[in-house]
Amino acid sequence: MDIGSQRFNFFGTTLWPQDLTLLATLFMIAAFGLFFITTFLGRVWCGYFCPQTVWTFIYIWFEEKLEGAANKRRKQDQLKLTPNLILRKTLKHIAWIAVGLVTAITFVGYFVPVRDLVVEFFTFQVSFWQGFWVFFFTICTYANAGWMRSIVCIHMCPYARFQSAMFDKDTFIVGYDTDRGESRGPRPRKKDPKTLGLGDCIDCKLCVEVCPSGIDIRDGLQYECINCGACVDACDQTMDRMGYEKGLISYTTEHKLEGHQTDIVRPKLIGYGIVMAVMVGVFFTLLSNVQPMGLDVLRDRNQLFRMNNEGWWRTPTP
Ligand code: SF4
Ligand code: SF4
C-alpha cells in the first residue's frame with residue numbers, strides 16, 4: 001500500500017483510487033465468504049484466523065513456557081512474589097513487548113519501505129510519525145493480546161456478535177456431550193463410573209482453565225465461545241489419562257448432539273456459495289480489465305524550437 005503515491009500494488013497489478021469498484025467487490029466476496037464459512041463451520045475465523053486470537057495464543061505460549069500452565073499460574077499468583085517468579089514475569093513481559101514490536105514494525109512496513117524503517121528505527125533516526133506508529137502499534141498489541149484478550153472478543157468486537165446470528169442446528173460448533181458427561185464428578189481411575197452413577201466428566205475443570213474466553217463449555221453454546229478448540233484438546237488429554245474414549249467435548253453440531261443426522265448441504269449454504277462464486281467471477285473479470293495506463297498524446301501546435309541568427313537553438317518565447 002503505497003500511501004504516498006496513492007496506489008496499491010496487488011501481485012504485480014497497480015491499482016489507483018479510481019479502481020475502487022474492485023475494492024467494493026473484494027469486500028462483498030469477504031462478506032459472503034464469511035456468511036458461507038460461518039454457516040458451515042461456525043466461528044472458525046474467530047478461533048483460527050483472527051489476529052486477536054492468534055496473538056493471544058502466541059502470548060499464552062510465552063506465559064506457559066515461563067510461568068507454567070493456567071492452574072499453576074493461578075496458584076502461584078496467590079503466593080508471595082519470589083525473586084525467581086519476578087524474573088520469569090519480567091522475561092514474559094519482555095517477550096510480549098518484543099512480539100508487539102515485531103508486529104508493529106511489520107505493520108508499519110506495509111506503508112513505508114520496511115528495510116529503511118528497521119535500520120532507522122534501531123539507529124534512532126526514524127521520523128517522528130513512523131516512530132509514533134511503531135510505538136502505538138507495539139502498545140496496542142501488548143495490551144490487546146497480553147491483558148485484554150477475551151474482553152476484546154466479548155465487549156468490543158461487533159463481528160463476534162453477528163456471526164452467532166448465522167448459526168443453525170447444522171453449523172459446526174464446539175460442544176459438550178451432556179448425555180455422556182453427566183453426572184460429572186471425581187472418581188478413582190480404576191472404578192467404572194457407571195457403578196458410581198457418574199458420566200465421563202471427571203470435573204477436572206481443565207476445559208475451563210484453558211479457555212481464553214473464560215467460559216465453561218459444559219453450560220452449553222455461548223456467544224463468548226470463539227471455537228478455538230482449546231477445551232477439546234484439554235478434555236481429550238483427560239479422557240486419555242482416564243482411559244475413556246476421546247470426544248466428550250468435540251467439534252459437532254446441535255443436531256448431532258440431539259442424536260439426529262447433520263445436514264451439510266442445505267439451501268442457505270448453497271445460496272451463500274452461489275453468490276460468493278458470482279462475486280469472485282465479477283472480481284476477476286474487473287481485474288483483468290484494469291487498464292495499466294491511460295495516455296492521450298496531443299501534438300503542440302506551436303513551433304517547438306528554432307535556430308536564431310547566431311546559430312543557437314531557441315525555444316519560442318512564452
Ligand atoms: S476437561 Fe473434560 S473431564 Fe475435565 S471438566 Fe472439562 S469436560 Fe469434564
Ligand atoms: S469454550 Fe472451548 S472452544 Fe470455546 S472459546 Fe473456550 S476453549 Fe475455545
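Where a number appears in this text, it was derived from the coordinates with a stated rule and is not lab data. Everything numeric here is computed off the predicted structure, so don't read it as measured data. Glycine gets a Cβ as well: all are built from the backbone with ideal geometry, and neighbour counts include every protein chain shown.
Annotations for the structure displayed:
- Cα gyration tensor shape of the stretch 132-189, rounded if a/c is under 1.5, else prolate or oblate by comparing a/b with b/c: oblate
- Our summary gives the chain a relative contact order of 22 percent, counting only alpha carbon pairs under 8 angstrom and 6 or more residues apart.
- Rounded if a/c under 1.5, otherwise prolate or oblate - the chain, Cα gyration tensor axes: oblate
- Summary value for the stretch 193-318: 12 percent relative contact order, contacts being C-alpha pairs under 8 angstrom separated by 6+ residues.
- Leading residue at positive end of dipole, the stretch 173-252 (Cβ point charges), from M239, S250, C211: M239
- Two tests apply to each whole DSSP H helix in the chain, Cα reach of 27 Å or more along its axis and mean Kyte-Doolittle hydropathy of at least 0.5, and the ones passing both are 20-41, 83-108, 267-288.
- Using only side-chain charges placed at the Cβ, +1 for Lys and Arg and -1 for Asp and Glu, the dipole size of the stretch 218-317 relative to its Cα centre rounds to 800 debye.
- Dipole magnitude for the stretch 173-252: computed about the Cα centre from +1 point charges on Lys and Arg Cβ and -1 point charges on Asp and Glu Cβ, it is near 420 debye.
- In a DSSP loop and with at most 15 other Cβ atoms within 10 Å, the chymotrypsin sites (Phe, Trp or Tyr not before Pro) in the stretch 1-76 are F11.
- As a proxy for reagent exposure, M276, M156 were ordered by neighbouring Cβ count within 10 angstrom, fewest first; the result is M156, M276.
- Dipole in debye (nearest 20) - the stretch 43-163, about Cα centre, beta carbon charges: Lys, Arg +1; Asp, Glu -1: 640 debye
- Residues whose placed amide H lies under 5 Å from that of L15, excluding near-sequence neighbours: F8, N9, F10
- Calculated FRET value between Q125 and Q222, using beta carbons and R₀ = 45 Å, to 0.05: 0.35
- Cysteines, the chain, no other Cys beta-carbon under 4.7 Å: C46, C50, C140, C153, C157, C201, C204, C211, C225, C228, C235
- Tensor-based shape of the stretch 43-163 (alpha-carbon gyration tensor, a/c under 1.5 rounded, otherwise prolate or oblate): oblate
- Base-10 log of normalised Debye intensity for the stretch 173-252 (one unit scatterer per alpha-carbon) at q = 0.17, 0.18, 0.21, 0.23 Å⁻¹: -0.60, -0.67, -0.89, -1.05
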